[in-house]
Every structure is written in C-alpha cells, then in structure tokens.
Amino acid sequence: MGASSAMRRIQAGNALSAFGLGFTVPYLYVYVAQVRELGASTAGAVLAVFALAALVVLPFTGRVIDRRGPLPVLVGGALVASVGALAMGLAGSVPAAVAAAALLGAGTAVMQPALATMIVRSSTPSTRTRAFATQFFLANLGLGVGGLIGGQLVDENRPGSFLLLFSVEAVMFLVLAAIALTVRLPRPAALPGTSGPAGRSKAPERGMRDLLSHRAMVHLCLLGFVLFFACYGQFESGLAAYGTEAAGIDPSTLGIALAANTAVIVVAQFVVLRLVERRRRSRVIAAVGLIWAFAWGVAGFAGLGHGGQAVATAAFVSTYALFGLGEAMLSPTVAPLVADLAPAESVGRYNSAFALVKQVALAVGPAVGGPMGAALGGPYIVTFVLFSLGITVLALRLGRRLTPVQDQPSLVTASRVVAQGLPEPAVPAPAPVSVPAPVTGAVG
C-alpha cells in the first residue's frame, strides 16, 4: 500500500470518527442533567471525569505507541471509546454515567496521538503540513455536520433519541478501527524528516528524558499550553459566560458563534494553507497571537454595549470567527512541528506529551476563565489579550531554537528543485585531495 493510499484511509477514518463525536458532544451536558434527570452536579462530574480519564492515560500512551506502534493503540482506543459511547446512551444512574465517561474519555484521548503518529509515518516533511491541515479540516467538518444532523434527531422528551445518537457515535468508532486495520505503515527507522536533539541517545527507554531536555520541544509545549488555554479552554466556559453575563448576549447566540467558528475553519483552511506553508512556522504562530489579541478586543467591545444589542451580538460572533481564522493557521504549523522535532522512534511520546499539555490546558482554562468571565468582565478581557500577546512573544522566541528547515520545511523542497535544475559538469571532476578530517561535535 502506498503512502498516499494509507493517508487517504487515515483521513477518512478521522473524518468519520469526528462525525460520530459531533452527534453527542454538544448535547452531553443536557443529556446527563435533564434527559436522564441526574442533575447539573452529576453532569459537571461526568464532564470532569471525561477530562480526567484523558489525563490519566496520556502519560503512558506515547511509550506504548513507540514500542507497539500507533495502529494497535488507535484500534484499542476506538474499541474502548465505542463501548463508552454505547454505555453512555444506556446510562440511567450516576455510577453508570461516570463509568461510561471514563471509558469514552480514555478511548478518545489515546486516539489523538495515535492518529497523529500514523499521519507522521505516512507523510514526508514536504507533505506533512498539508496532511495535518487536512486532518483539522475534516475533523471540524465532521463535527459540524454531525452536530447539525444530531440536532435534527434529538428530542429532550425521548431518551431513545439520545440512545440513537450515542449508538451512531459507537458505530463510527468501530468504522475507524476497521479502516485503521487496513492501513500498512512504514517502519519508524525509515521515517524521513524527524530529528531529535543532536547527539542524544536513541534508546526508547530514554525517550521521555530526552524530551524533557529538548529545549525546543519544552518551549513548544509551553507555547501549546498558552494557545489552548487562551482559545479552546474559553470557548464553552469563560467566553460563553462573559458573552451572556457581561455582554448580555442571548444564549442561543452561542450556537451561532460556534457555527461561525467552524464555518471560517472549513472555508478558509486551504486558502490559509497556501499562504502559510511557505512561511516560517514561528512567524505564522506569532501572527495568530496578534489575531487573537484583536479578537479579544472585539469581545471587549461587545461587552461595552455601544451600538445596542445587534452590534454586541455581531461583535461577539465575530470574535469566534477570528478565533477560527487563527485555528486554521495553527493546524498546518503546530502539529507538524511536534513531529519534526521528534526522533523517529519517539514520535509517539512527543505527540502524547503535546496532547497531554493540550488536555491540561483544556481542564485549567474553564476553571479559571468561567468564574472570571461571569463576574469580572473587564479584567477577563485584559487577561486574555495579554495571554494572546504572550503567544506572539513565545512563538518568536521558539523560532530561535528551531533549525531553518524545522521552522520552514519548504526550504527542503526549494533546495531539491534548485539541485535538480543544475547542469551536469562539462569536464570530469579533479581527483580528490587528501586533507585532514575536520573535528566535529554536537551542537547544543
């Protein structure tokens, strides 16, 4: 099986699993709290367990991926998530709902780095940027379409309609597992374009130690935490609370805002890709920080109340749209950069470490942003404008730790084109002259 065929199957499975998730993610809180009549506190506990399960399994996921390969991890995660989804649809008690959330959270969490590692192994540095952009595009498209169809099927007065949604989600996870089993991946030793810290041990047992001493990767993890904390960690918590409490936005507008976010990603992804794939990754991420700082400023304007309710609503929806533009710029830069920093035999660990950082940010973000957005509107906006500007500063500093090719992979393609266009020498090259070998050393 060729790399392109493997990539198409991986992307198809990714899209279908996202489609299944879209059926249930927007309605999980309502399902537990109202449909199953287990109360708001139980619904909050279910969401917390969902996140906690991911934090528990991710530290071990990378080691298993690097030792056993991403395929068994992806298939195992999909099977566990499928059981969890079906159990959630049948859950009628608090213990059943919590147990289902643990299975669903753990299964979906390990699937992320496994999918990312499969994409890395099926791509090259010149195709990796577009591969991750395609993954992000298809995931958002799947979530959006699944959410729209699920909204037409769901009925709060009929618990059976929710069982249908969770059953569809469970089936989509099984389809992902079935598709993954048809994929044949190249061996990690043959993987081009990955590199770790110069001169470090390649032994799998030292993979995590090497990661923690790899300054560029640690810096990228710090940047990733701020990115997810300042954006994704606020979508359905702090920013939603700020919009409804401080800006007086109608709660129904939140759905429109999230739809605008998804629409911008779907429409702009490949237009943005053409603009960023030949530019330095660190500069692209730095630009995202500026865009998001402006987005938070627009959200602040919505809370001032100038121009009436219609203007405030338009400004609030525009905030989510601007976040979507930034997300479309990040998808072809951050995830491929994680892969390009990793040694070939530690790609799973690097992807899992970054997924863990993301999960921590998604857990901390709502805990900090929710209360601030509801009660301290002004300080909330100022805080996240500063966080967004911090993204720009961190990205520019990260650029100094990257090699030219890590920061701008298109340089490899450009150099190959130039080399292929060189004329053949007209005369034979002179015989080699014996010279002393240069002294080399690892670059810190």
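The values are calculated or read from the model by the stated rules, or taken from the named source; none is laboratory data. Values in this document were obtained by computation on a predicted structure and should not be read as measured data. All Cβ positions, even for glycine, are placed from backbone atoms using ideal geometry, and neighbour counts span all protein chains on display. Heads up: the accessible areas ignore ligands, DNA and RNA and are worked out on the full protein's heavy atoms, side chains in. Shrake-Rupley method; radii C 1.70, N 1.55, O 1.52, S 1.80 Å.
If every alpha-carbon in the stretch 258-343 counts as one equal scatterer, what log10 I(q)/I(0) does Debye give at q = 0.26 1/Å?
-1.19
List, in order, the whole-Hz ³J(HN,Hα) value for each residue of the stretch 274-283 obtained from phi through the Karplus relation with A = 6.51, B = -1.76, C = 1.60 and θ = phi - 60°; use x for Gly and Pro.
Ordered by residue, 3J(HN,Hα) equals 4, 7, 9, 5, 10, 10, 5, 4, 4, 6 Hz.
State the answer as a single residue: which of 30, 212, 385 lies farthest towards the positive end of the charge dipole of the chain, with beta carbon charges of +1 for Lys and Arg and -1 for Asp and Glu, about the Cα centre.
My answer, from the dipole projection, is 212.
What are the extents of the Cα atoms of the stretch 38-145 along their three principal axes, in Å, largest first?
For the stretch 38-145, the Cα spread along each principal axis is 51, 34, 19 Å.
With each pseudo-label sitting 7 Å past Cα toward Cβ, what's the residue 294-residue 218 distance in nm, one decimal?
Those two pseudo-labels are separated by 3.5 nm.
Measuring from the lowest to the highest alpha carbon on each principal axis, how far does the stretch 272-404 reach, largest first, in angstroms?
Between the extreme Cα coordinates on each principal axis of the stretch 272-404 lie 56, 33, 21 Å.
When all protein chains stay in place, what accessible area (Å², nearest 10, 1.4 Å probe) is found for residue 37?
150
Just the number please: accessible area per residue for the chain, 1.4 Å probe, all protein chains included, in Å².
About 44 Å² of surface per residue is accessible.
Could you give the alpha-carbon Rg of the stretch 89-178 over 2.2 N^0.38 Å, rounded to two decimals? Working shown, then result.
Numbers: Rg = 16.3 Å, N = 90, 2.2 N^0.38 = 12.2 Å.
Relative to the 2.2 N^0.38 Å estimate, the stretch 89-178 comes out at 1.34.
Positive end of the charge dipole of the chain (Lys, Arg +1 and Asp, Glu -1 on Cβ, about the Cα centre): tell me which of 233, 95, 134 has its Cα farthest that way.
The one lying farthest along the dipole's positive direction is 134.
Let me know the charge dipole size of the stretch 1-80 about its Cα centre in debye, to the nearest 20, where only the beta-carbon of Lys, Arg (+1) and Asp, Glu (-1) is charged. Don't skip to the answer; put the middle values down first.
Numbers: 6 positive and 2 negative charges, 67 e Å.
It works out to roughly 320 debye.
Take the chain, drop everything but the C-alpha atoms, weight them equally and run the Debye formula without solvent; then report log10 I(q)/I(0) at 0.09, 0.11, 0.12 Å⁻¹ to two decimals.
Debye output, listed in q order: -0.60, -0.88, -1.04.
Treating the beta-carbon of each Lys and Arg as +1 and of each Asp and Glu as -1, no other charges, what is the dipole magnitude of the chain about its Cα centre, to the nearest 20 debye?
That gives the chain a dipole magnitude of about 1600 debye.
Normalise the Cα radius of gyration of the stretch 58-99 by 2.2 N^0.38 Å (N = residues in it) and let me know the number.
Normalised by 2.2 N^0.38 Å, the Cα Rg of the stretch 58-99 equals 1.48.
Rank by packing, highest mean first: peptides 263-271, 115-123, 312-320, with packing defined as the count of other Cβ atoms within 10 Å averaged across residues.
115-123, 312-320, 263-271
Which is farthest toward the positive dipole end of the stretch 280-367 among 326, 313, 303, measuring Cα position about the Cα centre, with Cβ charges +1 (Lys, Arg) and -1 (Asp, Glu)?
With unit charges placed on the Cβ atoms, the residue in question is 326.
Which percent of the accessible area of the chain is formed by carbon and sulfur heavy atoms (probe 1.4 angstrom)? Numbers along the way, then the final one.
Working: 13380 of 19690 Å².
That share works out to 68 percent.
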